[in-house]
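> Quick one: the structure is below, and I'll ask about it shortly.
The values are calculated or read from the model by the stated rules, or taken from the named source; none is laboratory data. Nothing here was measured: the structure is a model prediction, and the numbers come from that model. Reconstructed Cβ throughout: ideal geometry from the backbone, glycine too, with neighbour counts over all protein chains shown.
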2 protein chains.
Amino acid sequence: MNSLINSDFSYATRCGPDEFLGEVSRIIEQSIMRNSAGKLRSMALKHFESKGKMLRPMFIRDLALSMNLDLALVLHWAVTCEILHNATLIHDDLQDGDEVRRGKPTTWKEYGSEQAINLGDFLLIIAPQGLIKSSLSSKNDLLHLFTVMSSRVVAGQVDEFELNKLQSEHNLHQQYLDCIAGKTSSLFAGLALGVGLIAGAPKEFLSSLESIFFQLGHVFQIQDDILDFYGNKQRGERGCDIKEGKVSFLIVNYLERNPQDFAVLARILRKKRADTNENDLQIVQKLFNDNNNLEFCLDHLDRRVDDLRSHSLLLTNIVLNNLVNSLIEMILAPIREISVEQINA
Amino acid sequence: MNSLINSDFSYATRCGPDEFLGEVSRIIEQSIMRNSAGKLRSMALKHFESKGKMLRPMFIRDLALSMNLDLALVLHWAVTCEILHNATLIHDDLQDGDEVRRGKPTTWKEYGSEQAINLGDFLLIIAPQGLIKSSLSSKNDLLHLFTVMSSRVVAGQVDEFELNKLQSEHNLHQQYLDCIAGKTSSLFAGLALGVGLIAGAPKEFLSSLESIFFQLGHVFQIQDDILDFYGNKQRGERGCDIKEGKVSFLIVNYLERNPQDFAVLARILRKKRADTNENDLQIVQKLFNDNNNLEFCLDHLDRRVDDLRSHSLLLTNIVLNNLVNSLIEMILAPIREISVEQINA
């Protein structure tokens with residue numbers, strides 16, 4: 001395995017998460033150094049100084065271990081998925097006008113929108129490079145999967161801007177699900193499918209894996225939407241989604257039960273970001289509180305989690321079952337406190 | 001060759017340019033249909049309705065024929081390069097604020113900047129998909145080349161925004177060359193290298209090919225800069241570069257000989273696009289006219305073309321020599337009229 005020997009990764013089959021994520025970061029940095037110079041290089045390195053949770057490489061590691069895969073085999077796939085995710089964050093922050101990410105100014109805020117477009121493009125391009133150079137037997141399938149899942153992520157972004165136009169209160173729930181299917185769940189499903197392909201798993205197993213992680217993506221995105229309004233996302237402010245006019249799960253779920261409030265919510269969501277004030281957030285919060293919106297949303301999430309847990313593959317595969325349950329716990333941890341706090345408030 | 005059989009391309013080794021370019025367009029459309037739906041699909045199809053000159057696929061065809069290559073072998077490489085080029089155009093138009101491309105509104109102008117970012121991302125992602133599915137023996141090298149040349153194009157874009165800050169009149173010429181090396185010439189060099197790789201050409205030939213097409217890229221970009229000010233680029237207006245504050249070859253060449261005019265040109269270039277008026281363009285034109293700037297630039301271009309023509313490979317390879325000369329003529333055709341008109345004016 002050329003590409004594995006080139007990296008100095010001492011691939012104990014079961015190295016710890018810090019070692020694995022450290023290796024992913026090191027390869028990302030090498031790739032930046034190899035493919036860029038000057039300003040582009042410094043912007044890229046700067047972006048990766050704050051690494052975030054690295055949830056996706058961690059999922060890949062956990063899943064690989066659950067299949068008894070040598071972690072060296074999934075290293076470049078983890079790098080590809082992590083670079084892709086970061087490329088989308090950089091473009092996403094620009095599109096949404098988010099000024100803070102991981103406690104630091106976003107790329108467009110620091111270097112201007114032109115350079116943020118360039119940096120995201122650069123990362124999209126180099127994401128699969130390590131994979132191309134690897135000698136994995138599943139390489140072609142992984143590269144194809146990369147193009148398919150990435151283009152679905154972009155399609156989700158396209159749909160999101162359509163959803164946020166909020167043209168009517170009808171069919172919002174389905175539109176919302178289509179949108180998060182693209183922007184979040186297709187990457188979750190794709191990264192898991194990739195690990196399955198590397199393991200040479202049979203077709204049926206692959207499609208179960210894809211479906212489980214797709215659902216996990218939905219769980220992640222719905223908690224993320226709840227967290228945005230009720231928690232602290234390290235963005236230096238709360239309620240970014242409302243300010244950005246995003247039709248989050250909280251909005252979708254609320255309007256489904258209270259269509260009569262479409263006009264008042266639409267008015268606030270359609271305001272420019274800078275014009276949305278604390279008073280607007282309080283109006284939204286009062287509507288949500290008066291109608292137990294948080295409880296309804298948490299109930300919905302619970303039902304999704306229950307569905308996910310009862311997937312037939314998990315009933316027969318204890319190792320995967322344990323893994324998925326621990327991932328669910330990890331994903332829901334940030335909103336566990338909120339639920340208690342807010343409902344008792 | 002799976003991927004070639006899948007496409008219905010009746011690959012007569014020497015099919016005409018219209019047939020080849022038609023096939024490239026057909027595969028691009030298929031790829032859009034396969035990878036997208038809804039709004040994303042309609043934006044992508046709309047963009048490719050106006051195809052432009054398709055210079056890059058044409059170069060690939062001509063070069064393949066000069067090496068006696070079956071055109072079916074270079075079809076997916078041509079598709080990859082053409083989609084990549086269009087992705088960069090969409091992001092470039094947004095970054096530059098260009099409102100018209102190929103006689104039609106640009107993507108950002110029609111659908112907003114968020115969707116222009118999305119469409120460019122989508123095209124960057126799907127560009128190499130046909131290649132991934134092909135069974136070309138040089139596939140891995142081509143995929144790697146795609147990532148290297150694309151990231152150089154992005155690096156050129158990054159450098160361009162630095163150049164356009166116009167922080168001093170020193171070293172502008174070198175900065176300009178670095179910048180067009182990335183944004184234009186690396187794609188010209190890469191597409192030619194790709195054809196050489198497909199042909200299985202020896203290393204020395206490959207590096208000559210790369211170097212010749214790299215220089216051809218410089219010739220193309222310098223004529224393009226001249227055309228922007230003196231010709232009609234189908235953008236519905238003249239002097240876009242000046243309005244956008246671009247440090248074009250005309251500016252670089254002028255300031256090299258007339259550094260005392262740095263302040264007056266910098267003042268005009270730094271104006272916002274909407275604030276740059278006809279009077280500003282006339283000031284620039286008068287400076288250029290009084291100092292024979294067009295002649296100097298055309299002289300410089302002539303010298304570059306002479307250098308290119310005297311490349312050692314061309315002196316021994318008559319077929320390639322004829323090809324390169326015809327490409328030079330094609331590239332320079334749009335400014336041939338200008339030179340006569342303007343100098344006689």
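> Can you confirm whether A:L94 is hydrophobic (A, V, I, L, M, F, W, C) and either modelled with pLDDT of 95 or more or under 27 Å from A:R41 (Cβ atoms) (or both)?
Against the criterion (hydrophobic (A, V, I, L, M, F, W, C) and either modelled with pLDDT of 95 or more or under 27 Å from A:R41 (Cβ atoms) (or both)), A:L94 qualifies.
> Which count do you get for residues in segment B:270-292 that are touching a residue at least 40 places away in the same chain (Cβ under 8 Å) and closer than 11 Å to B:G245 by Cβ?
Summing the residues that are touching a residue at least 40 places away in the same chain (Cβ under 8 Å) and closer than 11 Å to B:G245 by Cβ in segment B:270-292 gives 2.
> May I ask you to verify whether A:L227 is closer than 25 Å to B:N35 by Cα, assigned by TED's automatic domain parsing to the domain that holds A:Q285 and not in a loop (DSSP other than H, G, I, E, B)?
The answer is no for A:L227.
> Still on this model: Scan segment A:118-145 for residues that are in contact with a Gly (Cβ under 8 Å, 6 or more places away or on another chain) and either assigned to a helix (DSSP H, G or I) or facing chain B (nearest Cβ under 9 Å) (or both) and report the count.
Looking only at that region, the number is 3.
> While we're looking at this one, here's another question. For residues that are under 19 Å from the mean Cα position of the chain (by Cα) and polar (S, T, N, Q), scanning just segment B:94-117, find the one that is nearest to the other protein chains (Cβ to nearest Cβ).
B:Q95
> Suppose the filter is among the aliphatic types (A, V, I, L, M) and more than 27 Å from the chain's Cα centre (by Cα); does B:L287 pass it?
In short, yes.
> Another question, if that's okay. For B:V158, work out the one condition from (1) more than 9 Å from chain A (Cβ to nearest Cβ); (2) crowded, with 23+ Cβ neighbours inside 10 Å; (3) not acidic (D, E) it doesn't fulfil.
(1)
> Looking at (1) closer than 29 Å to B:H170 by Cα; (2) at pLDDT below 95, which is the one condition that is false for B:L265?
(2)
For (1) within 14 Å of another protein chain (Cβ to nearest Cβ); (2) within 14 Å of the chain's Cα centre (by Cα); (3) part of a helix (DSSP H, G or I), each residue gets a yes or a no:
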site: A:D18; (1), (2), (3): no, no, yes
site: A:M33; (1), (2), (3): yes, no, yes
site: A:F48; (1), (2), (3): no, no, yes
site: A:H85; (1), (2), (3): yes, yes, yes
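> Do the conditions hold for B:F188, that is, is it buried (at least 23 other Cβ atoms within 10 Å of the Cβ), at the interface with chain A (Cβ under 10 Å from one of its Cβ atoms) and of a type in the set (F, W, Y)?
So B:F188 fails the test.
Condition check ((1) closer than 24 Å to B:G103 by Cβ; (2) assigned to a helix (DSSP H, G or I); (3) free of Cβ contacts under 8 Å to residues at least 40 places away in the same chain) across all residues:
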{"position": "B:G156", "(1), (2), (3)": "no, yes, yes"}
{"position": "B:D159", "(1), (2), (3)": "no, yes, yes"}
{"position": "B:L166", "(1), (2), (3)": "no, no, no"}
{"position": "B:G190", "(1), (2), (3)": "no, yes, no"}
{"position": "B:G196", "(1), (2), (3)": "no, yes, no"}
{"position": "B:E204", "(1), (2), (3)": "no, yes, yes"}
{"position": "B:S207", "(1), (2), (3)": "no, yes, yes"}
{"position": "B:H218", "(1), (2), (3)": "no, yes, no"}
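> Follow-up question, since we're still on this one. Given (1) crowded, with 22+ Cβ neighbours inside 10 Å; (2) within 13 Å of chain A (Cβ to nearest Cβ), where does B:R61 come up short, assuming only one miss?
Answer for B:R61: the failing condition is (2).
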